């Protein structure tokens, strides 16, 4: 059993790593594409956002596929899709449609992983370490962002930063490709490791047409449920709203453009790459603390503290850019440092709350009979919003500036904090106990004890 748990946690980590690498690698690669002047701002935004479109497309079918094929097979398939996408993206910089298709395929891989991995962990890990398991997923997601940023620093050191005078088109194209080829290694390890997983016992029970607690005759209930049933509406809506706000606060958008943002704030050359690495390293380190706290302090406490602090940090970033864009303050290393420290502040609170707790909210709030489809629909809304923001990011900035974007993110942070006040605590509860909570009943065993 201990070996099974270790394997589960290891695969959870690799799944998070894939997700983090998928979203993090473009931040270091995108400035080279911009510097080549091959594509317009709108086309670059669409290429960056194509990963999110892939996530959007995968979320439409994720619930059905996870229920039909099983959780394990979908984890394996997600890793395989990413392996296929890497050479397509690496070698197609001069072909917009092929490059776009490769990025969409990467996004579909990450989208399936984002649905199936939290679901698999919730259904497989014991309640007392379920928060830790999700923490491992989120920690390695952060590690994936850090590794992608670190690789970007190495590429920029080897080939030269995207704004380096004298770096020719061939060098910029080679740097673009190098930012993607290295990702083959962790994804291949995930693919091979996922082949050793056992299937989710919840899925096996559902396939057998039985309830989870077969030994308690009085607790047998229908396996199938509708999202429209009154008892399921509130948890479903909360999950959708939380996942949507997790994107409208901008994390996936500015994560993909962080090097360009820091360059716009005043950093030059490789300093922007190192700044990106520092921000993402902060995210990873704080996630360790959050994973240790989540099963002690609870989900809702961390979510409220995190959304509050994150909102302040986003407003601070917007204020620096507002001074540059509206009051003529010169963008230099000082304004770059102010922006970087604001990112640190924002990232600490994001990692402490929303970064970790959003996955727990998604996997725990919805009862087992609607979990697959409910998670897929919630993720669909999540990816739809993220794709809309990422694919319009550069045109928006060109028209209204960086400050307007960050003030928009901060306003959504306020809504996120308000929403967190309505989320019930699920710390230490089994999935069955959470389901009974929504139904307004107690488990039969608890009734007998009373």
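The values are calculated or read from the model by the stated rules, or taken from the named source; none is laboratory data. Treat the numbers as computed from the prediction; the structure is a model and nothing was measured. Methodologically, a virtual Cβ is constructed for each residue, glycine included, from the backbone with ideal geometry; neighbour enumeration extends over all protein chains shown.
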> Of everything in the stretch 393-426 that's in a loop (DSSP other than H, G, I, E, B) and buried (at least 18 other Cβ atoms within 10 Å of the Cβ), which residue is modelled with the highest pLDDT?
Replying inline: 423
> With the stretch 237-341 as the region, which helices (runs of 4 or more DSSP H) entirely inside it contain at least 3 residues that are within 30 Å of residue 158 (Cβ to Cβ) and touching a helix residue (DSSP H, G or I) at 6+ places or on another chain (Cβ under 8 Å)?
Replying inline: 251-256, 258-265, 271-297
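Per-residue answers, yes or no, for (1) under 14 Å from the mean Cα position of the chain (by Cα); (2) on the phi < 0 side of the Ramachandran plot; (3) modelled with pLDDT under 90:
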{"site": "2", "(1), (2), (3)": "no, yes, yes"}
{"site": "5", "(1), (2), (3)": "no, yes, yes"}
{"site": "11", "(1), (2), (3)": "no, yes, yes"}
{"site": "15", "(1), (2), (3)": "yes, yes, yes"}
{"site": "23", "(1), (2), (3)": "yes, yes, yes"}
{"site": "31", "(1), (2), (3)": "no, yes, no"}
{"site": "38", "(1), (2), (3)": "no, yes, no"}
{"site": "46", "(1), (2), (3)": "no, yes, no"}
>> Of the conditions (1) at pLDDT below 70; (2) farther than 21 Å from residue 299 by Cα; (3) surrounded by fewer than 22 Cβ atoms within 10 Å (Cβ to Cβ), residue 438 satisfies every one except a single condition; which number is it?
In response: (2)
> Do you know which residues across the stretch 64-105 are surrounded by 15 or more Cβ atoms within 10 Å (Cβ to Cβ), free of Cβ contacts under 8 Å to residues at least 24 places away in the same chain and under 21 Å from residue 375 (Cβ atoms)?
Replying inline: 73
>> Out of 80, 62, I need the residue that is part of a helix (DSSP H, G or I), modelled with pLDDT of 90 or more and more than 25 Å from residue 155 (Cα to Cα). Which one?
In response: 80
> Can you pull out the residues in the stretch 30-58 that are buried (at least 20 other Cβ atoms within 10 Å of the Cβ) and over 20 Å from residue 392 (Cβ atoms)?
Replying inline: 32, 58
> Does the stretch 247-275 hold any residues that are under 24 Å from residue 382 (Cα atoms) and modelled with pLDDT of 90 or more, and which are they?
Replying inline: 248, 249, 261
> When residues of the stretch 177-207 are filtered for being exposed (fewer than 14 other Cβ atoms within 10 Å of the Cβ), assigned to a helix (DSSP H, G or I) and touching a helix residue (DSSP H, G or I) at 6+ places or on another chain (Cβ under 8 Å), how many remain?
Replying inline: 1
> Do we have residue 222 as modelled with pLDDT under 75 and either farther than 30 Å from residue 88 by Cβ or surrounded by 14 or more Cβ atoms within 10 Å (Cβ to Cβ) (or both) here?
Replying inline: yes
> Counting only residues that are under 14 Å from residue 244 (Cβ atoms) and either out of contact with any helix residue (DSSP H, G or I) (no Cβ under 6 Å at 6 or more places or on another chain) or surrounded by fewer than 19 Cβ atoms within 10 Å (Cβ to Cβ) (or both), which one in the stretch 381-392 is modelled with the lowest pLDDT?
Replying inline: 381
> Out of all the residues in the stretch 313-323, is one or more surrounded by fewer than 21 Cβ atoms within 10 Å (Cβ to Cβ) and without any contact (Cβ under 8 Å) to a residue 60 or more places away in the chain?
Replying inline: yes
>> Checking the condition under 17 Å from the mean Cα position of the chain (by Cα) and either modelled with pLDDT of 80 or more or under 26 Å from residue 261 (Cβ atoms) (or both), which residue from 343, 349, 327 passes?
In response: 349
> Among (1) closer than 23 Å to residue 296 by Cα; (2) modelled with pLDDT under 70; (3) assigned to a helix (DSSP H, G or I), which single condition is residue 369 missing?
Replying inline: (1)
